[in-house]
1. Can you give me the long-range amide H partners of GLU241? Hydrogens built in the peptide plane at 1.01 Å from N, cutoff under 5 Å, separation of 5 or more residues or another chain.
2. Among the GluC sites (Glu not before Pro) within the stretch 110-173, which fall in a DSSP loop and have no more than 16 other Cβ atoms within 10 Å of their own Cβ?
3. Assuming a ≥ b ≥ c are the square roots of the Cα gyration tensor eigenvalues, decide whether the stretch 232-283 counts as rounded (a/c under 1.5), prolate (otherwise, with a/b larger than b/c) or oblate.
4. How much of the accessible area of the stretch 224-280, probe 1.4 Å, is carbon plus sulfur, in whole percent?
5. Going by a ≥ b ≥ c, the root eigenvalues of the Cα gyration tensor, does the stretch 204-254 fall in the rounded group (a/c under 1.5), the prolate group (a/b larger than b/c) or the oblate group?
6. How much accessible area per residue does the stretch 178-283 have, in Å², with a 1.4 Å probe?
7. Return one whole number: the accessible area per residue of the stretch 94-162 in Å², for a 1.4 Å probe.
8. Ignoring any ligand, DNA or RNA, what whole percent of the accessible area of the stretch 102-219 comes from carbon and sulfur when the probe is 1.4 angstrom?
Amino acid sequence: MSDPREELTALAREARVLLERERARGRTHVTWEAHAMRPADAGPRPRGETSRAREAPAGSSPGPFSANSTARASAIALPGFEALVPSPAGLAVREDLPDDLGTLARLVSECRKCRLCETRTNTVFADGSVNAKLLFIGEAPGRDEDLKGLPFVGRAGQLLDKMIAAIQLRRDEVYICNVLKCRPPENRTPLQDEVDQCMPYLEQQLALVRPALICALGLSAVQALLKSKSSMASLRGRTFEYKGIPLIPTYHPAALLRNPALKREAWEDLQRVRDTLKAQGAS
């Protein structure tokens with residue numbers, strides 16, 4: 001079973017996303033009928049009464065209760081985006097690493113903290129816009145990425161480009177990076193000590209880019225960021241939070257190439273990414 005605290009955090013995040021979406025559509029209040037929360041011993045509902053929540057139109061002033069005592073309504077105002085989504089307070093720029101991305105990339109290119117430096121051709125730092133609101137994180141470079149020094153440039157990268165286009169964005173409008181900056185031999189799964197050595201670089205990237213939303217591609221990336229051992233099946237379809245930033249997991253493009261049947265679920269995740277960005281006014 002999954003951690004109940006993790007479940008509650010995910011539910012709270014999803015509730016915030018839904019409220020953000022309604023606010024972005026122009027609604028200022030969401031109204032619930034009081035009898036929707038009737039106690040169990042309150043007896044049957046009056047004839048015609050339902051537990052359906054009613055939406056107050058933008059610009060209305062519903063007040064705390066209506067005049068009808070059998071269908072009293074409680075209104076919850078939708079505050080501004082800043083009040084709904086926590087600021088990335090957990091994203092602090094590290095003093096032990098360069099505070100600009102160019103210098104950080106050069107430091108990464110010289111890194112010899114783990115065994116992967118012995119087999120790499122190039123380090124793979126990032127690609128895309130440093131002002132991006134949407135940031136994609138994969139697990140590690142592959143063969144093509146190791147040769148070119150850029151993330152997601154092989155077949156999986158071509159599919160990622162199509163996924164980005166499907167949500168009306170371009171590759172140069174997002175920021176793309178990996179947990180690991182060097183290719184593991186034979187594209188094996190990253191080892192924990194390799195992740196531990198590279199995470200400070202990734203955290204500094206995130207602190208400097210400060211995206212509005214993270215899309216984590218593949219189980220290894222999701223587990224590294226959320227420090228979870230849960231399966232992708234139990235993680236995808238939900239919105240989490242990484243140091244104050246919404247995080248949406250989905251399948252790695254390479255997994256979609258191996259198993260095209262997963263593309264439907266991946267598209268559902270991308271729609272969640274798109275809708276979250278729209279709700280934030282970040283697209």
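1. The list, which skips near neighbours in sequence, is LEU247.
2. Sparse-neighbourhood loop GluC sites (Glu not before Pro): GLU110.
3. It is prolate, given that a/c is not under 1.5 and a/b is the larger ratio.
4. Values: 1240 of 2450 Å².
About 51 percent, which is the carbon plus sulfur part of the accessible surface.
5. prolate
6. Result: 38 Å² per residue.
7. Values: 3690 Å² over 69 residues.
For the stretch 94-162, the solvent-accessible area averages 53 Å² per residue.
8. Values: 2360 of 5060 Å².
Its accessible area is 47 percent carbon and sulfur atoms.
The values are calculated or read from the model by the stated rules, or taken from the named source; none is laboratory data. In this text, all values refer to a predicted model and were calculated from it rather than measured experimentally. Neighbour counts run over all protein chains shown; Cβ positions are idealised from the backbone, glycine included. These accessible areas exclude ligands, DNA and RNA; they are computed on the full protein's heavy atoms, side chains included. Shrake-Rupley method; radii C 1.70, N 1.55, O 1.52, S 1.80 Å.
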